[in-house]
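Asker: Below is a structure I'd like to ask you about.
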Amino acid sequence: MRRSMEFKKLFTCQEAASTLPLVRQIVDDILETARKIRELPEDDKDNLPRLQDDLKEHMLELDEMGCFFKDWDFSVGLVDFPSVIDGATVFLCWRSDEKELGWYHPVEEGFAGRRPLP
């Protein structure tokens, strides 16, 4: 389990919610770039390095903000925000198909352990 001091930032619910417009745009860019990579014709692999660089850049944007992209099949963007609830380090958890931030999960449980925010 990671200690809170290992995270660049611990978000309050309000701070995470206030970043959602920017996070949503970055996640949209990630998902769109991943779609382009998947649909890249076999005879057009020259564009693959540029698209991979774009994807890395978008991921770095989230990392620099202090949150984490967690959808490795790139189907629905999932972002975790380190936080503390009731003295425990948790991840506030948001999916790109959700209008607002409403869930969290213990760090060690992952998405399957999602619970409504208190």
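Asker: Does S75 fit the bill of being among the hydroxyl-bearing types (S, T, Y) and out of contact with any Phe, Trp or Tyr (no Cβ under 6 Å at 6 or more places or on another chain)? Please lay out each step first, then the result.
Answerer: On the way: among the hydroxyl-bearing types (S, T, Y): yes; out of contact with any Phe, Trp or Tyr (no Cβ under 6 Å at 6 or more places or on another chain): yes.
Taking the combined requirement at face value, the residue satisfies it.
Okay, residues lined up against (1) of a type outside the set (V, I, T); (2) modelled with pLDDT under 95:
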| position | (1), (2) |
| --- | --- |
| G66 | yes, no |
| D71 | yes, yes |
| V79 | no, no |
| Y104 | yes, no |
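Asker: Let me ask something else. Name the residues in segment 59-84 that are surrounded by fewer than 17 Cβ atoms within 10 Å (Cβ to Cβ), of a type outside the set (G, A, S), touching a strand residue (DSSP E or B) at 6+ places or on another chain (Cβ under 9 Å) and more than 18 Å from E32 (Cα to Cα), would you?
Answerer: Of everything in segment 59-84, those that are surrounded by fewer than 17 Cβ atoms within 10 Å (Cβ to Cβ), of a type outside the set (G, A, S), touching a strand residue (DSSP E or B) at 6+ places or on another chain (Cβ under 9 Å) and more than 18 Å from E32 (Cα to Cα) turn out to be D63, V84.
Asker: Which of the numbered conditions does F74 fail, given that it passes all the others? Conditions: (1) on the phi > 0 side of the Ramachandran plot; (2) out of contact with any helix residue (DSSP H, G or I) (no Cβ under 6 Å at 6 or more places or on another chain).
Answerer: Answer for F74: the failing condition is (2).
Asker: Let me ask another. Do you know which of the residues in segment 1-39 that are among the hydrophobic types (A, V, I, L, M, F, W, C) and touching a helix residue (DSSP H, G or I) at 6+ places or on another chain (Cβ under 6 Å) is surrounded by the most Cβ atoms within 10 Å (Cβ to Cβ)?
Answerer: First pass over segment 1-39, keeping only residues among the hydrophobic types (A, V, I, L, M, F, W, C): 1, 5, 7, 10-11, 13, 16-17, 20, 22-23, 26-27, 30-31, 34, 37.
Pick out the ones that are also touching a helix residue (DSSP H, G or I) at 6+ places or on another chain (Cβ under 6 Å) and you get 10, 26, 30, 37.
Numbers: L10: 17, I26: 21, I30: 23, I37: 15.
Residue satisfying both the conditions and the ranking: I30.
Asker: Check M1 against each of (1) within 19 Å of R115 (Cβ to Cβ); (2) modelled with pLDDT of 95 or more; (3) not in a strand (DSSP E or B) and name the one condition it does not meet.
Answerer: With respect to (1) within 19 Å of R115 (Cβ to Cβ); (2) modelled with pLDDT of 95 or more; (3) not in a strand (DSSP E or B), M1 is out only on (2).
The values are calculated or read from the model by the stated rules, or taken from the named source; none is laboratory data. Being a predicted model, the structure only gives us computed values, none of them experimental. Glycine also receives a Cβ, built like all others from the backbone with ideal geometry; neighbour counts cover every protein chain displayed.
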